[in-house]
Each structure stands twice: as C-alpha cells, then as structure tokens.
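Working notes, beginning with the structure itself.
The values are calculated or read from the model by the stated rules, or taken from the named source; none is laboratory data. These figures come from a predicted structure and were not determined experimentally. Quick reminder, even Gly has a Cβ in these numbers, built from the backbone with ideal geometry, and neighbours come from all protein chains shown.
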Amino acid sequence: MKIKRRAKSKSAPAHLRAAAQESWSQVQAALAVQDLAAAERALRETLKRQAEHWPARQTLMRLLAETGRADEARVVAEESLALRPSDAALAHEIGMLLVTQGAFASAFTAFEVVARQLPHNADAQNNLGGCLREMERNDDAARYFAKALKLDPAHPHARFNMAQSLMEAGRRSEAVAALLELLKLNPEHADALRLLALWDRSAVAPEHRSALERLAARPEGVDDAAMRAGFGLAALLEAEGDYGAAFAALSRANARMRASYTYDVADDVAQHAALMAATPSLDGDPQSGVDDATPIFILGMPRSGTSLVEQILASHSHVAGGGERNDLRRVVLGGWDARGWRFPDGMQTLSNADVTRMAQEYLQRLREVASPQQARRITDKMPANYLFIGLIRRMLPNARIIHCVRDPRDVALSIFKTWFSGELPYAYDLAELGRYFAAYERLMAHWKALAPEAIYRVRYETLVAQPEAEIRQLLDFCGLPFEQACVDFHRSKRVVRTASLAQVRQPIYGGAVARWKRYGDEALRPFTEALGASDSLLDV
C-alpha cells in the first residue's frame with residue numbers, strides 16, 4: 001500500500017540534531033556487531049536528543065519486538081503515533097510491524113489512523129478486518145472486508161479473507177459463496193480452488209476442476225500456484241476413491257513446497273536432544289514462576305487431535321478457547337534473544353525472576369482472550385508447545401498439560417495432505433517427517449518420565465471410540481465438572497482457525513481412524529522407515 005507522507009513537523013535544534021546523528025552512528029556500529037544492548041542504549045539516547053528521529057524509532061520498535069518485548073515495542077509505537085497522529089504512512093508501517101509480532105489489538109489502532117486519514121482506501125479496511133480476524137472477532141472482521149470490497153470489488157485479498165473469516169466462524173454456505181464469487185473474478189485463484197475442494201466438493205464445477213488440473217500440471221519446480229492447486233486436486237481425487245492418483249498429486253505438491261526453502265531436519269533433531277540435556281530434572285525452586293491455573297496447554301504433533309480436544313474443552317462454560325497461539329514461543333525465544341543466547345542454551349542459569357517475568361508476560365498475552373471473570377481456564381493449543389514443557393513446569397506449575405497422541409501413520413498422512421500457512425518445514429518430505437516425529441517422541445518420553453502426573457495423554461482413537469468416558473476423564477484432569485455441551489462440541493459457535501475447522505463442526509466419528517490404510521504401506525514407507533520403532537503405532 002503506497003501512502004503519501006504528510007509534511008514533516010518542526011525539527012529539533014541543530015545542536016541536538018548533530019548529537020542525535022552521533023548517537024545514530026553508534027546504533028549502526030552496535031548493530032553491525034550484533035550488540036543489541038548497546039544498540040538499544042544508543043537508540044534511546046538518539047530519541048532523547050531528537051524525538052522525531054524516525055529511523056531510530058522504527059529500529060527501536062523492531063529491536064524490542066524481535067527480542068520478545070512486545071509491550072515495550074507497543075509503547076514506542078504509541079508514542080510515535082502521538083507525535084504524528086495524522087501520519088497515515090507512519091501508522092501503516094507501525095501497524096504492519098505490530099502484526100508481525102502478533103500484537104493485533106495495537107495494530108488495529110494503528111490501522112484505524114490510516115482508515116481515518118484515507119477513508120476510501122480499501123487496503124486500510126482489509127487490514128482492519130485482518131486484525132479482527134486474528135483476534136477471532138470474525139463477524140466484525142467480515143464487516144470490514146465487506147467495506148473493502150465496496151470500495152474495490154476486485155480487491156485481491158479482501159474477498160479471500162472474507163471467505164476464510166466466514167468459514168472459521170462456521171458460516172460455511174456464505175464462505176463457499178464468497179469463494180465462488182472470487183473465482184468468477186479470478187478463475188485460477190489457486191488458494192480459492194484449493195479451499196473450495198476442501199470445504200465443499202459438491203460446489204466444484206467442471207471449470208474449477210479443469211483449473212486445478214491445469215495449474216497442478218505445470219512444469220516441475222518452485223511454483224506456488226501449482227503447489228496449492230496440487231493439494232486441492234488431491235482432495236478431489238481422494239474423495240473419488242482414487243488414492244493412487246491422490247498420492248501422486250500430493251507427492252508433486254509437497255515436492256514443490258519442499259523445494260522452496262532450505263532446511264535440515266538434523267538441526268531440529270539436535271535441538272530436541274539439547275532440550276533433554278538442558279533439562280535433566282524438573283525439580284525447580286518452589287518460589288519460581290506464577291501460581292496460576294488458568295492455562296490449559298494442548299500439545300503434540302499437528303493433526304493428532306489437538307483441535308478436537310480444544311473444541312471439546314472450549315464448549316465448557318468455564319473455558320475459553322485460545323486457539324493456536326504463538327505467545328509462549330515469542331515470550332521464551334524473545335527472552336533468549338535478549339540475552340544473546342541460542343535456545344535452549346542457558347536453561348539452567350535462568351533465575352527465578354527470569355522465569356516469573358516470562359510467566360507474567362505470557363499470562364498477560366493469554367488474558368487478551370478472556371478475563372478471569374469470563375473463564376476460569378483458557379486453552380492454548382499450539383502443538384509445538386511440547387518443546388517448552390520443561391519451562392512450562394517452571395513458569396506455571398499449576399497449568400494443565402494435555403498431550404494428544406494418534407497413530408503416527410495417520411498423523412503423517414494428514415500432515416502430508418495439508419498445506420500449512422505457518423512454519424512447519426519438516427512437513428513436506430516423508431523421510432524428514434519420520435525423523436522429526438522420532439525426535440518428538442523421544443522428547444515427550446523424557447518429559448513424561450520427569451513429570452508423569454503433570455502430563456495427561458489423550459489417545460485420538462480411544463476418544464473417538466469412547467467419547468463420553470474419555471471426555472469425563474479429561475474434564476476431571478482439568479478440574480472441571482462434566483457438562484453435556486462438551487460431548488455436543490460440534491454445536492459450538494466459537495471461531496476455529498486450524499486445518500481441522502471443518503471436522504470440529506461435526507460429531508465425533510471414526511472415519512479418520514486408520515485412514516492411512518487406504519493409501520497402503522508402500523506410500524508411507526519413507527516415513528515409517530525413518531520413524532523406526534514407536535509405541536504409538538496401532539495394530540488396526
């Protein structure tokens with residue numbers, strides 16, 4: 001979005017500008033050698049001498065945000081907006097920075113400035129809707145997307161965002177209608193075609209299928225549209241029972257995705273081993289952390305049933321669903337970055353004050369979902385939080401931890417069938433996925449050995465076979481009374497933003513158990529050979 005800057009305000013006196021420039025030179029020198037502490041000191045000195053030194057303001061905001069100090073970054077952002085309350089370009093830059101840090105409420109405030117200054121700008125309305133969608137206020141988000149489309153009916157993102165927002169809110173027919181309208185404007189919109197195939201195959205017309213086949217058949221290589229279309233085509237072929245063709249389409253789509261980035265699974269395997277070495281015990285200081293039982297962590301591998309378990313718990317009157325949240329990762333890794341450490345180095349040197357600060361910052365972020373008056377418990381179902389169980393036990397010793405387990409072959413197949421918008425680099429090669437899965441199982445066995453009573457294991461296949469009995473035990477572990485609404489979770493109107501958003505709108509059924517058998521042992525052989533022995537494999 002190109003926005004013209006307003007005229008500059010009155011500048012600082014010449015001697016202060018010269019002093020600020022000297023401090024700014026010190027900033028650049030410190031950043032060149034990655035001395036973040038010195039850079040921060042010089043940045044603050046620069047702004048003391050020249051409050052409207054905008055490169056320094058932007059650099060300080062980024063430094064604070066990237067080192068996990070989002071609250072401090074927000075303070076600098078608010079100060080900047082106060083200095084230039086009508087500067088749409090500045091507000092846009094601040095809003096985009098805050099979005100990258102997950103500070104969507106503050107980003108919304110920044111984008112409101114843009115919308116006030118540029119009332120006919122469709123991008124501003126789309127950005128406002130995007131923030132509200134991230135805050136799971138999907139009905140409000142849809143209204144902003146509608147405003148964007150009124151200003152620009154052919155807006156490249158607003159109609160697609162509208163469709164996603166509606167589907168996440170359970171408004172399936174409206175979401176499909178939005179996709180179909182988008183495909184009238186852009187018949188080869190690969191993501192719209194992919195989601196149409198996933199959400200409502202009956203709505204896939206011959207011209208949609210032809211577009212999927214045409215896009216997916218492009219020459220091999222890195223091709224984003226071909227990759228996404230391949231996932232959609234595979235969904236159609238699977239629904240028709242042509243599993244061989246479906247797997248071939250998946251293999252091509254995954255290969256395209258894997259070719260688009262650099263990754264070595266050995267790095268992740270080493271990190272898992274380092275975590276075990278860095279945490280030989282969970283016997284921490286009883287004064288460490290925060291005595292708060294609000295969080296319920298639902299974790300494990302993606303596609304292992306985490307969304308189902310969250311939907312069950314979030315249907316309880318005392319529970320608010322937080323969804324897949326990056327808060328814990330941002331707090332933890334930001335704390336490491338601020339010290340110049342590489343996670344998990346330095347785990348044993350964390351002081352009680354360090355651990356308590358991280359816990360308080362995490363809880364503050366989590367409570368943006370709901371206040372204590374609204375919910376006794378709040379779920380956080382980021383699967384990869386299993387990496388941080390050792391820290392969770394120190395930060396929040398009374399938090400509940402639920403580990404979701406499913407037959408690895410079904411997990412692998414489901415992952416291989418899914419295009420993930422976030423960072424999941426191990427997902428697009430079955431052999432790499434097998435090696436990662438084995439490392440994950442070793443780490444979970446380590447955590448379980450250290451804290452056997454603190455981690456509750458939910459087996460997907462058992463939950464599907466005996467839902468009420470399993471749900472009663474799950475609620476008991478969480479210290480919650482049984483409520484029938486948890487069994488009838490599919491009737492919940494809450495927003496769901498994961499790859500399982502369609503499945504959790506349906507009652508529990510066994511159709512996803514042993515689905516890997518439809519594709520056969522040979523298809524998954526690279527995964528099972530890399531995985532090796534696993535006590536999660538079922539003989540079904």
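Kindly check whether there is at least one residue in the stretch 334-357 that is under 16 Å from Thr279 (Cα atoms), of a type in the set (Val, Ile, Thr), in the same structural domain as Glu468 (by TED's automatic domain parsing) and surrounded by 22 or more Cβ atoms within 10 Å (Cβ to Cβ).
No, the stretch 334-357 contains no residue that is under 16 Å from Thr279 (Cα atoms), of a type in the set (Val, Ile, Thr), in the same structural domain as Glu468 (by TED's automatic domain parsing) and surrounded by 22 or more Cβ atoms within 10 Å (Cβ to Cβ).
Run down Arg472, Arg457 and say which single residue is closer than 25 Å to Ala273 by Cβ, at pLDDT 95 or above and out of contact with any Pro (no Cβ under 9 Å at 6 or more places or on another chain). Before you say what the answer is, go through the steps one by one.
On the way: Arg472 fails: closer than 25 Å to Ala273 by Cβ.
That would be Arg457, the only listed residue that is closer than 25 Å to Ala273 by Cβ, at pLDDT 95 or above and out of contact with any Pro (no Cβ under 9 Å at 6 or more places or on another chain).
With respect to Asp200, determine if the residue is of a type in the set (D, E, K, R) and within 30 Å of Phe437 (Cβ to Cβ). Can you show your working first?
Details: of a type in the set (D, E, K, R): yes; within 30 Å of Phe437 (Cβ to Cβ): no.
Answer is no for this residue.
Quick one: Leu63 ticks every box in (1) in contact with a Leu (Cβ under 7 Å, 6 or more places away or on another chain); (2) more than 22 Å from Tyr362 (Cα to Cα); (3) in a helix (DSSP H, G or I) except a single one, so which number is it?
It is condition (2) that Leu63 fails.
Name the residue that is modelled with the lowest pLDDT, counting only residues in the stretch 88-113 that are buried (at least 20 other Cβ atoms within 10 Å of the Cβ) and small (Gly, Ala, Ser).
Top of the filtered list is Ala103.
Can you name the residue in the stretch 372-389 that is assigned to a strand (DSSP E or B) and either without any contact (Cβ under 8 Å) to a residue 40 or more places away in the chain or not hydrophobic (A, V, I, L, M, F, W, C) (or both) and is also farthest from Pro344 (Cα to Cα) among such residues? Spell out how you get there, then give the answer.
First pass over the stretch 372-389, keeping only residues assigned to a strand (DSSP E or B): 377-380.
With either without any contact (Cβ under 8 Å) to a residue 40 or more places away in the chain or not hydrophobic (A, V, I, L, M, F, W, C) (or both) added as a condition, the list becomes 377, 379-380.
Numbers: Arg377: 28, Thr379: 25, Asp380: 22 Å.
So, considering only residues that are assigned to a strand (DSSP E or B) and either without any contact (Cβ under 8 Å) to a residue 40 or more places away in the chain or not hydrophobic (A, V, I, L, M, F, W, C) (or both), the one farthest from Pro344 (Cα to Cα) is Arg377.
Output the number of the condition that Ser165 fails; it satisfies all remaining conditions of (1) within 24 Å of Leu413 (Cα to Cα); (2) surrounded by 15 or more Cβ atoms within 10 Å (Cβ to Cβ).
(1)
Of the residues in the stretch 204-228, how many are part of a helix (DSSP H, G or I) and charged (D, E, K, R)?
As a first pass, look at the stretch 204-228 and keep what is part of a helix (DSSP H, G or I): 206-216, 224-228.
Then keep just the ones that are charged (D, E, K, R); that gives 207, 209, 213-214, 224, 228.
Result for the stretch 204-228: 6.
Checking Ser536 against (1) more than 30 Å from Arg171 (Cβ to Cβ); (2) modelled with pLDDT under 90; (3) over 26 Å from the mean Cα position of the chain (by Cα), which test does it fail?
Here Ser536 meets the rest and fails (3).
Within the stretch 237-249, can you find the residues that are modelled with pLDDT under 95 and touching a Lys or Arg at 6+ places or on another chain (Cβ under 7 Å)?
Listed by number, the list holds a single entry, Ala239.
Being part of a loop (DSSP other than H, G, I, E, B) and at positive phi is the filter here; which residues of the stretch 293-323 pass it? Spell out the reasoning first.
Residues of the stretch 293-323 part of a loop (DSSP other than H, G, I, E, B): 293-294, 301-305, 315-318, 322-323.
Within the stretch 293-323, Arg303, Gly305, Gly323 qualify.
Name the residues in the stretch 14-25 that are farther than 18 Å from Ser80 by Cα and surrounded by 18 or more Cβ atoms within 10 Å (Cβ to Cβ), would you?
Ser23
If a residue must be hydrophobic (A, V, I, L, M, F, W, C) and more than 19 Å from the chain's Cα centre (by Cα), how many such residues does the stretch 391-424 contain?
Looking only at the stretch 391-424, we keep the residues that are hydrophobic (A, V, I, L, M, F, W, C), and these are 391-392, 395-396, 399, 401-402, 404-405, 411-413, 415-416, 419-420, 424.
If we keep only those that are more than 19 Å from the chain's Cα centre (by Cα) too, we end up with 391, 395-396, 399, 405, 412-413.
Adding up the residues that qualify gives 7.
Using the structure shown, decide if Tyr362 is within 30 Å of Asp521 (Cβ to Cβ), buried (at least 23 other Cβ atoms within 10 Å of the Cβ) and among the hydroxyl-bearing types (Ser, Thr, Tyr). Explain how you work it out, then say what you get.
Details: within 30 Å of Asp521 (Cβ to Cβ): no; buried (at least 23 other Cβ atoms within 10 Å of the Cβ): yes; among the hydroxyl-bearing types (Ser, Thr, Tyr): yes.
The answer is no for Tyr362.
Looking only at the stretch 293-326, how many residues end up being touching an Asp or Glu at 6+ places or on another chain (Cβ under 7 Å) and of a type in the set (D, E, K, R)?
Number satisfying all stated conditions: 1.
Quick one: which of Leu299, Leu275 is in contact (Cβ under 8 Å) with a residue 24 or more places away in the chain and closer than 30 Å to Met167 by Cα?
Values: Leu275 fails: closer than 30 Å to Met167 by Cα.
So the residue among Leu299, Leu275 that is in contact (Cβ under 8 Å) with a residue 24 or more places away in the chain and closer than 30 Å to Met167 by Cα is Leu299.
Just a yes or no: is a residue in the stretch 114-134 crowded, with 24+ Cβ neighbours inside 10 Å and in the same structural domain as Leu64 (by TED's automatic domain parsing)?
The answer is yes, given that some residue of the stretch 114-134 is crowded, with 24+ Cβ neighbours inside 10 Å and in the same structural domain as Leu64 (by TED's automatic domain parsing).
Given (1) under 20 Å from Asp191 (Cα atoms); (2) in a helix (DSSP H, G or I), where does His272 come up short, assuming only one miss?
(1)
Given the residues Arg457, Arg442, Arg377, Arg393, which is the only one that is in the same structural domain as His316 (by TED's automatic domain parsing), in contact with a strand residue (DSSP E or B) (Cβ under 9 Å, 6 or more places away or on another chain), over 19 Å from Leu313 (Cα atoms) and not acidic (Asp, Glu)?
Details: Arg457 fails: over 19 Å from Leu313 (Cα atoms); Arg442 fails: in contact with a strand residue (DSSP E or B) (Cβ under 9 Å, 6 or more places away or on another chain); Arg377 fails: over 19 Å from Leu313 (Cα atoms).
Of the residues listed, the single one that is in the same structural domain as His316 (by TED's automatic domain parsing), in contact with a strand residue (DSSP E or B) (Cβ under 9 Å, 6 or more places away or on another chain), over 19 Å from Leu313 (Cα atoms) and not acidic (Asp, Glu) is Arg393.
Taking the options Ala178, Ala146, Ala192, Ala158, name whichever one is surrounded by fewer than 18 Cβ atoms within 10 Å (Cβ to Cβ), touching a residue at least 12 places away in the same chain (Cβ under 8 Å), more than 22 Å from Glu368 (Cβ to Cβ) and of a type in the set (Gly, Ala, Ser). Reasoning before the result, please.
Working: Ala178 fails: surrounded by fewer than 18 Cβ atoms within 10 Å (Cβ to Cβ); Ala192 fails: surrounded by fewer than 18 Cβ atoms within 10 Å (Cβ to Cβ); Ala158 fails: surrounded by fewer than 18 Cβ atoms within 10 Å (Cβ to Cβ).
Just one listed residue meets the conditions, Ala146.
Please work out if Leu151 is at pLDDT 90 or above and crowded, with 20+ Cβ neighbours inside 10 Å. Walk me through it before giving the result.
Working: at pLDDT 90 or above: yes; crowded, with 20+ Cβ neighbours inside 10 Å: no.
It is false that Leu151 is at pLDDT 90 or above and crowded, with 20+ Cβ neighbours inside 10 Å.
Limited to the stretch 251-307, what total is found for residues that are within 20 Å of Pro452 (Cβ to Cβ), within 22 Å of the chain's Cα centre (by Cα) and surrounded by fewer than 17 Cβ atoms within 10 Å (Cβ to Cβ)?
Final tally of qualifying residues: 0.
I'd like the full set of residues that are buried (at least 23 other Cβ atoms within 10 Å of the Cβ) and part of a helix (DSSP H, G or I), limited to the stretch 77-87. Explain how you work it out, then say what you get.
Just the residues of the stretch 77-87 that are buried (at least 23 other Cβ atoms within 10 Å of the Cβ), to begin with: 77, 80, 87.
Result: Ala77, Ser80.
Closer than 22 Å to Asn352 by Cβ and either free of Cβ contacts under 8 Å to residues at least 60 places away in the same chain or not aromatic (Phe, Trp, Tyr) (or both): is that true of Ser307 in this structure?
Working: closer than 22 Å to Asn352 by Cβ: no; either free of Cβ contacts under 8 Å to residues at least 60 places away in the same chain or not aromatic (Phe, Trp, Tyr) (or both): yes.
Judged against the criteria, Ser307 is not a match.
Condition first: of a type in the set (Val, Ile, Thr) and closer than 12 Å to Ile94 by Cα. Now tell me which residues in the stretch 45-70 satisfy that. Show your work before the answer.
Within the stretch 45-70, the subset of a type in the set (Val, Ile, Thr) is 46, 59, 67.
Correct list: Thr59 only.
Take Glu40 and decide whether it is in a helix (DSSP H, G or I), surrounded by 19 or more Cβ atoms within 10 Å (Cβ to Cβ), acidic (Asp, Glu) and modelled with pLDDT of 85 or more. Outline the logic, then answer.
On the way: in a helix (DSSP H, G or I): yes; surrounded by 19 or more Cβ atoms within 10 Å (Cβ to Cβ): yes; acidic (Asp, Glu): yes; modelled with pLDDT of 85 or more: yes.
So Glu40 passes the test.
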